[in-house]
Amino acid sequence: MLETQDMISFDAEGVCATCRQIEYKQTKIDWDERLKEFGTLLDQYRGQGPYDCIVPFSGGKDSTYTAWALVKKFNLKPLIVNYDHGFYRPTVLENTERAVKKLGVDFLKFKGDWQTVKKLMRVSLERKGDIMWHSHCGIYAYPMHMAIMHKVPLIIWGEPTSEYVSYYSYEENEQVDEKRFNRVVNLGMNAEDMVGFLDGSVTARDLFPYTYPNLADLRSIGYRSICLGNYIPWDTRKQSEIIRDELGWKGDRVEGIPFERYWYEKVEDAFQGIQDYLKWIKRGMSRMTHLASIDIRNGRMTREEGLKMIEQYEGFRPASLDVFLKAMGMTEDEFNEIALRHVVSPQVPPDLKTVPRGPELWDQKLWTINNDIA
Amino acid sequence: MIAIVDYGLGNLFSVAKAFEMLGAEARITGSPDEIRRADRVVLPGVGAFGDGMDHLRANGLDAALHDAVIRDQKPFLGICLGLQLLADVGEEYGEHRGLGWIPGRVRKLNVESVGLKVPHIGWNDVAVSRENPLFRGLKANADFYFVHSYMLDCAEPINVVATASYGEAVTAAILRGNIFATQFHPEKSQDNGLKLLENFIAWTPSATVC
Amino acid sequence: MDAVRNRMLKARLIPTVLLLDGRMIKTKQFDAFRDVGNPTTVAKVYDAQRADELIFLDITATTEHRHFLFDIVSAVANECFMPLTGGGGIRTVEQACQLLNSGADKVAINTGAVEHPAFIVELAKKFGASTVVVSIDYKRNAEGRNEVYTHRGRQPTGLDPVVWAKDAEARGAGEILLTCVDREGMMNGYDLETIRAVADAVTIPVIASGGVGTVQDLADGIVEGHASAVAAASIFHFTDQSIFKAHCHMLEQGIPVRK
């Protein structure tokens, strides 16, 4: 991990905080005790109202595993709530269809207005060097609105953030609430801010799906928003294999990482390659570094192997950027100029004109966003 | 009902809002009768010792506090000036008599000689010296927000349950029977402060002041 | 540096929220307004990120719009239980009282203090010294010397910031908020020399303001500038640096901060 990572801090032995958290997770948590706690918690909500819980769902490995576990291992009747950011790829759409049918669950899908999303993507890129503000907020706010609307108080998410960064530690029971939304989800910007940034071209109503509901409304249903990963030890590799075998879940190739090793990783988002590229420009490291770190932390790769993979896979300009630029009506020079404004010290900004181009994904021409371009 | 004593000094709004956030019924009041009728009493305050005592006396609030807390033994929380006024004597702008519930003097922080700034403003770690229900569920050395230039020097160290280090050991919290008070501001100390206030709401003092 | 380490008192990181007609804005050298959001929701983000305090400064010129400051402080105090300082056009004890009753813990006074230094004494007597923050804006004048300016950087006073800070302290100020107008919004770093000169000259805490561009600037403000607290705004709006990351960086530099 480079020093430019979020929240990095090193203790006296030079071990970073996130690694210590993983150590804690592996050695100090009584997972049997946590499982018992979970059972007791679920009993409070089981059988009440139309559904036992809401499961926010993207079709990626974590939410698919969460849905599978809650139905098959914990015998819950969930309402699956799928916020659609507009960039789902064909494989993940297929996976979702299959999973939902096999599990036998009610499925609710919501897609925000594309005209508004385009505006939000532009502002998000300019202000924070990140194009997915609408997605970050929609994923975490929209299911909360559904909880209120359908009067289903228990909302169960997948992995806790302490798996990757140090905003929370494994000792704390991470509540997926408004504090967390403001702390780690919304890039420091709320819907109310966006209304001002967009100079009146969107209204508060337009941004309803991205607005966290107010505390009074959530309290009125007695809401409880928790992470499954605080009650069972999270293991993405093992879990991906389970959903592959049980639900026929398929991985997909993603820009910037090797398919064979990470077939399950971040497959649901067509623009993930661009987000990763922005991170590489800003911080000098990207998804390959992130994944190698996880593997090194969990003893599955040596540091030397990791560095070799980073050398091989990072530092390419994603082919998918063409689609994004066309959708946004933006030139690559404009994009680069904005991206370079967000470089985090001590990272030295790369010369974007000389970055080699990465290979095009098999489905790039099939993405529905190509049709959305209006 | 938690009575938050209004004697004209301090940010009562935040204290009331904090209790509201925690689901407790709290009322800002300057009425001696309401204070006598309350289930719990909170004495906040920021400002000078002498002024504080004058305001309490002028409105019969010192008598009301005596009845509610000493006579009827209701759980009591003092905050900042509300801790300092419990002393026998305060030295700010001359000598002034306090409520006298906690033997001791309120004197200026003695830190300028070690190059530290006064007032003591900011977040400081609080070390609990005697385990008690008000600090339950908080991490060891949890930090809280301080903003003061004077401190309570307790004549009886047993009354001190928590201290902060600022050039010297600053009295951070006292506990005597049903009387609890903090030099720091729990209503301004985010999660740690809210936890402490939550504990106060649920607190049943095991011992009481004779 | 030892004095810094031996304290258990943490160095404070204070985001500043500039208000104009109820909206949050940012300026460059006190000019060129840009909208940066809704002050109440921005405050909630800062609270969630565990900022140590918040400062709200209202630069709305007119008295009819004065209520925005009180309304916003109240809305924030409703949900954020952290220290709040408010300021902007506070000239009377009544206004200070209203601000405190809205939920603020400290009142920042600037032009009001320069024009009537006795105002500092009045506020300190009534509300306690720790409630009174004297805000000092300064820039380099034509003679190349630092000079205090009032009226949002428009009116020269002939005062030297170090001398004025000591005067304010003598009259009962609890803290100094020191802002370099030349560096404000420029993100090129603090004016460390002047910050240190003021911090070393007074026994009350000094909050450094104006110029932060990187998290290292914040660390420098404490270590090199001898400030007790560092204020910043642009870095949190125009970069994806956050309070969390800033605290982490300062901790890495050996500065005691909240974890």
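Summary of values
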| read-out | value |
| --- | --- |
| Efficiency of FRET from Cβ geometry, residue B:37 and residue A:77, R₀ 56 Å, rounded to 0.05 | 0.70 |
| Label point distance in nm, residue A:214-residue C:203, each placed 7 Å from Cα along Cα→Cβ | 4.8 |
| Estimated 222 nm signal from helices in chain A, with DSSP H stretches of n ≥ 4 weighted -39500 (n - 2.57), rounded to 500 | -13500 deg cm²/dmol |
| Gap separating the Cα centres of the range C:190-259 and the range A:229-261, nearest whole Å | 43 |
| Pair residue A:332, residue C:155: separation of 7 Å Cα→Cβ label points (nm) | 5.6 |
| Of all DSSP beta bridges in chain A, antiparallel share, percent nearest 5 | 10 |
| Aspartates and glutamates with Cα under 18 Å of residue A:238, excluding same-chain neighbours fewer than 8 positions away | A:62, A:159, A:163, A:246, A:252, A:260, A:265, A:295 |
| Percent antiparallel among DSSP beta bridges (both partners in the protein assembly as shown, rounded to 5) | 40 |
| Kirkwood-type radius of the range A:17-230, with distances r between different C-alpha atoms, in Å | 18.2 |
| Loop-located GluC sites (Glu not before Pro) in the range B:65-101, at most 13 other Cβ atoms within 10 Å (DSSP) | B:95 |
| Column: log10 I(q)/I(0), Debye, Cα scatterers of chain A, q = 0.09, 0.14 Å⁻¹ | -0.52, -1.39 |
| Charge dipole (the protein assembly as shown, unit charges on Cβ, about Cα centre) - positive-most of A:176, B:58, B:154 | A:176 |
| Selected from A:248, A:256, A:112 as most flexible by GNM, with chain A as the system and alpha-carbon contacts under 10 Å | A:248 |
| Ratio of Rg to Rh over the range C:2-252 (Cα coordinates, Kirkwood Rh, two decimals) | 0.93 |
| GNM flexibility winner over chain A from A:355, A:117, A:344 (Cα, springs under 10 Å) | A:355 |
| Selected from A:216, A:69, A:339 as most flexible by GNM, with chain A as the system and alpha-carbon contacts under 10 Å | A:216 |
| Hits among lysines - C-alpha to C-alpha of residue C:139 under 19 Å, sequence gap 8 or more where chains match | C:26, C:28, C:166 |
| Residue (of A:367, A:99, A:55) at the positive-pole extreme of chain A, dipole from beta-carbon charges | A:99 |
| Extended-chain gain in nm, criterion 0.36 nm per residue less alpha-carbon gap, residue A:311 and residue A:150 | 53.1 nm |
| HN-Hα J in Hz across the range A:59-74 - Karplus 6.51, -1.76, 1.60, θ = phi - 60°, x for Gly and Pro | x, x, 4, 6, 6, 5, 4, 4, 4, 4, 4, 5, 7, 7, 9, 10 |
| Value of D in µm² per second that Stokes-Einstein yields for the protein assembly as shown, Kirkwood Rh from Cα pairs, at 37 °C (0.692 mPa s) | 115 |
| Euclidean distance of C-alpha centroids, the range A:331-374 and the range A:88-138, integer Å | 20 |
| Overall Cα dimensions of the range C:130-259 - principal axes, largest extent first, Å | 39, 29, 23 |
| Residues A:137, C:180, A:53 arranged by fewest to most Cβ contacts within 10 Å | A:53, C:180, A:137 |
| Spatially proximal aspartates and glutamates relative to residue B:74 (Cα-Cα < 17 Å; intrachain offsets below 8 disregarded) | B:25, B:33, B:34, B:39, B:62, B:198 |
| Against the rule of thumb 2.2 N^0.38 Å, how large the Cα Rg of the range A:252-372 comes out | 1.09 |
| Relative contact order of chain A, defined on C-alpha pairs under 8 angstrom at six or more residues apart (%) | 21 |
| Estimated translational D of chain B in µm²/s (Stokes, Kirkwood radius over Cα pairs; 20 °C; 1.002 mPa s) | 128 |
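Here, each number is a calculation from the coordinates, and none is a lab measurement. Quick caveat: nothing in here was measured; it's all calculated off a predicted structure. FYI the Cβ positions are ideal-geometry reconstructions off the backbone, even for glycines, and counts take in every protein chain you see.
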